[in-house]
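Student: Can you read through this structure? Questions will come right after.
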Amino acid sequence: MHFTSEQRLDGGVLEREFTLGEIPGILWTPASASAPVPLILLGHPPLGLRKMYPRLVDRAKHAAADGFAAATIELPGSGDRPRWAAADQARADLRRAMVAGEPVSDEIIDALILPLVEKSVPEWQAALDTLLSLPEIGGPVGYSGGVISIGIRLAVVEPRIVAAGFFAGSFVPRAMFEEARQITIPLHVLLQWDDEGNDRQVALDLFDAFGSKKKTLHANMGGHTGVPQFAGDAANQFFTRHLK
């Protein structure tokens, strides 16, 4: 890991940009801590870190206020990373279907999501290896938000993640349901009831499939970007319960 910049944000939060090989990322740590702190991995959609930065830094500041470090990495084919022709084609197929008012087929969803999961999950694990080697970060680790299928795979294969907060706002391949049944860690799932880009019934079926004994569905009226502040507060409280 090579740190490329750092700055102090409101409340003394330290923000450091880094690269891990070719992968850009950002790490936020609380202003002061007497011991290594737990870590929350901040997932996000494949729109690029620069575009997602305002929302990511807001989430990171809330995490720091609760005594957590937070970190994120750029997804494959996004932001300043090399273009990925297959991902670009899948996104174009998705846009065409949605503009035409056609149902989004399982084939489009699989092409859009499954290769992204296969490529990105090992990168998240490599980032986690490096982040946990830093003296200011100890664990345990949580995963928050992002493409829900990436979170599902991480929750299954990564034993260092002990709790996860998912946003049911992205397409889910049918193949991910079997993996969802293998999850046993505590889950907090946020669902926007009127999400224009999300199949509500699929989201409900996925929640039912999760194998966790401790799982909460937090559903609110409104569209994809209309998440109320108190829903974010509930997610923060979830991580405080399970990471401290």
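Student: For a quick protection proxy, order the peptides 15-23, 2-10, 52-60 by their average other-Cβ count within 10 Å, most packed first.
Tutor: Put in order of decreasing packing, that is 52-60, 15-23, 2-10.
Student: I've got another one for you. When ligands, DNA and RNA are left out and all protein chains stay put, how many square angstrom of accessible area per residue does the chain have with a 1.4 Å probe?
Tutor: Here the per-residue accessible area is 46 Å².
Student: Treat every Asp and Glu Cβ in the chain as -1 and every Lys and Arg Cβ as +1, leave all other atoms uncharged, and give the resulting dipole magnitude about the Cα centre to the nearest 20 debye. Before the final figure, lay out the partial values.
Tutor: Numbers: 23 positive and 29 negative charges, 99 e Å.
Computed charge dipole of the chain: roughly 480 debye.
Student: Each residue of the stretch 4-18 in order: what ³J(HN,Hα) in whole Hz does its phi give by Karplus 6.51 cos²θ - 1.76 cosθ + 1.60, θ = phi - 60°, with x for Gly and Pro?
Tutor: 10, 6, 8, 7, 9, 9, 3, x, x, 4, 8, 10, 10, 7, 9
Student: May I pose another question? Carbon-plus-sulfur fraction of the accessible area of the stretch 61-169, 1.4 Å probe, in percent?
Tutor: About 57 percent, which is the carbon plus sulfur part of the accessible surface.
Student: Grab every C-alpha pair in the stretch 99-244, bin the distances at 10 angstrom width from 0 up to the longest one, and report whole percents.
Tutor: Here the calculated profile for the stretch 99-244 is 11, 40, 36, 12, 1, 0.
Student: Mind putting together the pair-distance distribution for the stretch 11-152? All Cα pairs, 5 Å bins, whole percent per bin, short to long.
Tutor: Spelled out bin by bin, the stretch 11-152 gives 2, 9, 19, 20, 18, 12, 8, 6, 3, 1, 0, 0 percent.
Student: Here's another thing I want to ask about it. How do 99-112, 146-159 rank on mean C-beta neighbours within 10 Å, highest first? Walk me through the intermediate numbers first.
Tutor: Values: 99-112: 13.7, 146-159: 22.4.
Averaged packing, sorted descending, gives the order 146-159, 99-112.
Student: Give me the net charge for the shell around Gly169: Cβ to Cβ below 12 angstrom, other residues only, Lys and Arg +1, Asp and Glu -1.
Tutor: Charge balance in the 12 Å sphere: -3.
Student: Calculate, in whole percent, how much of the Cα-Cα pair population of the chain lies beyond 31 Å.
Tutor: Numbers: 5629 of 29646 pairs.
Of all Cα-Cα pairs in the chain, 19 percent lie more than 31 Å apart.
Student: Also, quick follow-up: Take each complete run of DSSP H in the chain, measure how far its Cα atoms stretch along the helix's own axis, and keep only those covering 20 Å or more with mean Kyte-Doolittle hydropathy at least -0.5; list them.
Tutor: What comes out of the filter, once short or polar helices are dropped, is 85-99, 106-131, 229-243.
Student: Something else about it: Just from its helices, what would the mean residue ellipticity at 222 nm be for the chain, if runs of 4 or more DSSP H residues each count -39500 (n - 2.57) and the sum is divided by every residue, rounded to the nearest 500 deg cm²/dmol?
Tutor: On the way: 7 runs with 98 residues, N = 244.
It comes out at -13000 deg cm²/dmol, rounded to the nearest 500.
Student: Taking amide H atoms as placed 1.01 Å from N in the peptide plane, list the residues 5 or more away in sequence, or in a different chain, whose amide H sits under 5 Å from that of Ser170.
Tutor: Placed amide hydrogens put Ile148 under 5 Å from Ser170.
The values are calculated or read from the model by the stated rules, or taken from the named source; none is laboratory data. Remember, predicted model here, so these are calculated numbers, not experimental data. As a convention, Cβ positions derive from the backbone with ideal geometry for all residues, glycine included, and neighbour counts pool all protein chains shown. Ligands, DNA and RNA are excluded from the accessible area calculation, which covers all protein heavy atoms including side chains. Shrake-Rupley method; radii C 1.70, N 1.55, O 1.52, S 1.80 Å.
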